[in-house]
Structures are given as structure tokens and as C-alpha cells.
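Undergrad: Below is one structure. I have some questions about it.
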Amino acid sequence: MVQQDFQRRMPEASRDLRKPMGVWQRIHIDVPLLLGLLALTAFGLIVLYSASGETKYYIQRQTVFISLGYVAMFTAAQFKMSFLQRWSPWFYLGGVGLLALVLIMGSGAKGAQRWLSIGGFRFQPSEVIKLAVPMMVASYLGVRVLPPSFKHIVVSLMIVGLPTVLILEQPDLGTSLLIAASGLIGLFFAGLRWRYILGAALLALMSAWPMWQFVLRDYQKQRILTMFNPEADKLGAGWNIIQSKTAIGSGGVYGKGWMNGTQSQLNFLPESHTDFIIAVLAEEFGLLGVLLLLLIYLFILGRGLLIAARAQSSFNRILAGCITFTFFVYIFVNIGMVTGLLPVVGVPLPLVSHGGTALVTLLTGFGLLMAISTERRKVSI
């Protein structure tokens, strides 16, 4: 009698408990998400081969990092979310400690100090923080009454602010913006009230002038000014944007053909295999190629949001939302800066641009999404 009443009141949960685990769920793989990621990385390799000037070195290196990324993704998918929630504070503290070490003994180039070398292995601790911050915010808010109170909002902002400031000191404006966005997205998914959102927007507008005068460095100010008028310095600061727009416009609807782009193949387009790779795609594959890429991105984003909506706990929902929307911010910022709508801040096109630790970090994040997606429902009577 009790069982029948439970099934009548909670039919969906009852069916899920009776349903045997499929093979993909047993190995914690979300098939639609995996197919989307495979399509994206394969398409990225095709574009990268042309963007790198048909250089096998970049393709081989990218293939190695993609392979490592998928191994990291599969490994991350095996973790139980309760375990990750418990260990998130230690992961976060370790990442902040590594960022502090970068300022003390880090290495870098072009005036930036962003790397650590440990035992002959060189890596960017800021990549660790890209996962640690949303995990920490989700862990903190996930065990509290939602929507968050003012006190919990302040603590969350402190969690986000500390690594953001440390990364700004490297300096790395692009990564610091991504870190800040990942934490703020967590607050949004925790049900942040609109009065706080509107208040934050007003505060951001009021702080624009002090930021310009006292925080931004000269080269960062130059990037913002170049966004509004790249023709003011055609052979200097505006060169990248001008060449990028030329490449995008010359591709038309159908493009010039794979490996036939003049701007990229004749080296007019700087950083064609990293930050500006979508300009190569637009020139060679045209509008149709860009739309295909955006459709793949949209599919992955949609799947991530569906996983967040179906999550079984506040921690899972907030973390899934952070990972998905941070991925969107990557896409938005890169396309915005390549088309001249945003300042150039050095954000690569995710899973398409040539990269190492950034690529592995992104795929690890998707592994956490798969862990959330395949977690068995736990319902008590």
C-alpha cells in the first residue's frame, strides 16, 4: 500500500529507481554531449591545419592535448559529486596558493608572469582556478538557503575576488574576466535577486571612471580605444582588428575554400592559429562555415543547460550552470574581440584554437558535467 502510494505521488522518481543503468551511464558518459564535443574538436583540427599554415607540428601537439583532455574528461566524470563538494575548498585553496607562487617565482614573457615550472613541467595555475572558483562557489552556496542572503553574496564575491585580483597582477585581464564571470554566474544560478543584479550593474557603471584612471594599465586602455577606432593606428594597435575584419568580410557566404584564405595564408592575419582562428574559418568556409560552428556550440550549450535543469542538488545545478555559461562567455568574448565589438583580451576560441592547458581544463569541466548528468537519482520516502 505504501509502495503504491509512493508510486502514485512520485511516478517519475519511482520509474528512475527501477530503471537499470545503461552502459553509458555506468561509465558516466553523456552521449549527446560527447558527440557534440567530438564534432567540435574534429572541426577545430581541420580549421587549425589551415590556420597554422599546414604545419604538422601544431596538429600533432593539438591532437596530444585533445587526447589528454578526453582522458581528463573521462576521469573527472567518475567522481561522485558529494566527494567533489567536500573537497572543493581544498582545491580552491591549492589553486590560490599556486597563483601566489606565480607572483613570487613565476616565469613568463612580454611583461607577463603567468607560468610555474615544477619538476620540468610548465603550466598556468590560472587554468586550475577556472574550475576551482565555480566549484568553491557552488560548494559554499549549495549547502545554504537559496536565494542567497546579502551576507552569503558578500562571501561569494570574496571567493571570486581573491583569485581575480591575483590574476590581474600577472597581468592577465582576459583570464581574470573569465574567472570573475564564472563565479558571478554561480550566484545567478543560486537565484540571486534582481535588485542585487541591478545594483551591481549600477555599481559597475559608477566604477568605470575610477577603473580607467587608477586600475587599467596603458596597454589595456589602448586596447579599449582601438576597439572604437582601429584605423587610428592601422599599422600598430589596430592591425589585428583590421586584418580580422578583412578576412571575415572577404569570405562571403561560401568562403574561398579550405587552405585558400589570402589573409591567413599570406600571414596578414596575426595569431591566426590561436585567438583569431575564427577569422580564418570565416574566410575559408564563409558564413555557412561559421553558422555550422555556432550550431555545434549551441548544441553543447543547450545540452549543458539541460543537465543543469535536471540536476539533483543545488551544488550540482550551480556547478553545471557555471561550467556551461563560462563556456558561453569564452565563445562570446572571442568572437566579440575578433569582430571588433570587444577589446582584444587574448581569449582563445574554445576547443578550436591551438592550446594546451586551456583545452584540457575545458574538457575536464565537461567531465564534471557528465558526472552530474549520469548521477543516479536518490529519492527517500
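The values are calculated or read from the model by the stated rules, or taken from the named source; none is laboratory data. Values in this document were obtained by computation on a predicted structure and should not be read as measured data. Glycine also receives a Cβ, built like all others from the backbone with ideal geometry; neighbour counts cover every protein chain displayed. All accessible areas refer to the heavy atoms of the entire protein, side chains included, with ligands and DNA or RNA removed. Shrake-Rupley method; radii C 1.70, N 1.55, O 1.52, S 1.80 Å.
Undergrad: Would you call A138 open to solvent by 10 Å² or more (accessible area, probe 1.4 Å) and either part of a helix (DSSP H, G or I) or of a type in the set (K, R) (or both)?
TA: Answer is no for this residue.
Undergrad: Just the residues that are assigned to a helix (DSSP H, G or I), surrounded by fewer than 13 Cβ atoms within 10 Å (Cβ to Cβ) and at pLDDT below 80, please, taken from the stretch 232-275.
TA: A232 - this is the single residue of the stretch 232-275 that is assigned to a helix (DSSP H, G or I), surrounded by fewer than 13 Cβ atoms within 10 Å (Cβ to Cβ) and at pLDDT below 80.
Undergrad: Further question on the same structure: Identify, from the list I335, I331, the residue that is closer than 18 Å to A42 by Cβ and surrounded by fewer than 23 Cβ atoms within 10 Å (Cβ to Cβ).
TA: I331
Undergrad: Return yes or no: is V160 among the β-branched types (V, I, T), part of a helix (DSSP H, G or I) and under 19 Å from the mean Cα position of the chain (by Cα)?
TA: Yes; evaluated as a whole, the condition is true for this residue.
Undergrad: Follow-up. Looking only at the stretch 221-241, which residues are closer than 12 Å to T339 by Cβ and of a type in the set (A, V, I, L, M)?
TA: If the condition is that a residue be closer than 12 Å to T339 by Cβ and of a type in the set (A, V, I, L, M), then M227, I241 are the ones that fit.
Undergrad: Suppose the filter is modelled with pLDDT under 80 and under 20 Å from D172 (Cα atoms); does Q220 pass it?
TA: yes
Undergrad: Could I ask something else about it? Tally the residues that are at pLDDT below 90 and closer than 22 Å to I104 by Cα, restricting the search to the stretch 131-164.
TA: Residues in the stretch 131-164 being at pLDDT below 90 and closer than 22 Å to I104 by Cα: 0 in total.
Undergrad: Of the residues that make up the stretch 344-355, is at least one touching a residue at least 60 places away in the same chain (Cβ under 8 Å), in a helix (DSSP H, G or I) and not small (G, A, S)?
TA: Scanning the stretch 344-355 turns up no residue that is touching a residue at least 60 places away in the same chain (Cβ under 8 Å), in a helix (DSSP H, G or I) and not small (G, A, S).
Undergrad: Does any residue in the stretch 297-316 that is over 14 Å from P32 (Cβ atoms) come within less than 8 Å, Cβ to Cβ, of a residue that is outside any helix (DSSP H, G or I) and open to solvent by 30 Å² or more (accessible area, probe 1.4 Å) six or more places away or on a different chain, and which pairs are these?
TA: Q312/E375; Q312/R377; Q312/K378; S314/V143; S314/L146; F315/V143; N316/E375
Undergrad: I331 - would you say it is in a helix (DSSP H, G or I), over 12 Å from the mean Cα position of the chain (by Cα) and of a type in the set (V, I, T)?
TA: So I331 fails the test.
Undergrad: Have a look at V352, V345, V360 and point out the one that is farther than 20 Å from L34 by Cβ and either surrounded by 21 or more Cβ atoms within 10 Å (Cβ to Cβ) or out of contact with any Cys (no Cβ under 9 Å at 6 or more places or on another chain) (or both).
TA: V345
Undergrad: Quick one: L146 ticks every box in (1) assigned to a loop (DSSP other than H, G, I, E, B); (2) of a type in the set (A, V, I, L, M, F, W, C); (3) open to solvent by 60 Å² or more (accessible area, probe 1.4 Å) bar one, so which box is it?
TA: (3)
Undergrad: Working only within the stretch 149-170, note down all residues that are in contact with a Phe, Trp or Tyr (Cβ under 9 Å, 6 or more places away or on another chain) and either of a type in the set (D, E, K, R) or open to solvent by less than 10 Å² (accessible area, probe 1.4 Å) (or both).
TA: S156, P163
Undergrad: Now, a different point. If R303 passes every condition in (1) open to solvent by less than 40 Å² (accessible area, probe 1.4 Å); (2) not in a loop (DSSP other than H, G, I, E, B) but one, which one does it miss?
TA: (1)
Undergrad: Right, another one. Between residues in the stretch 36-53 that are farther than 19 Å from L295 by Cα and of a type outside the set (G, A, S) and residues that are at pLDDT below 95 and open to solvent by 10 Å² or more (accessible area, probe 1.4 Å), which pairs lie under 9 Å by C-beta distance while being six or more apart or on different chains?
TA: Y49/T55; Y49/K56; Y49/Y58; Y49/I59; Y49/W258; Y49/M259
Undergrad: Right, something else. Please go through the stretch 148-170 and give me each residue that is of a type in the set (S, T, N, Q) and free of Cβ contacts under 8 Å to residues at least 24 places away in the same chain, ordered by number.
TA: S149, T164
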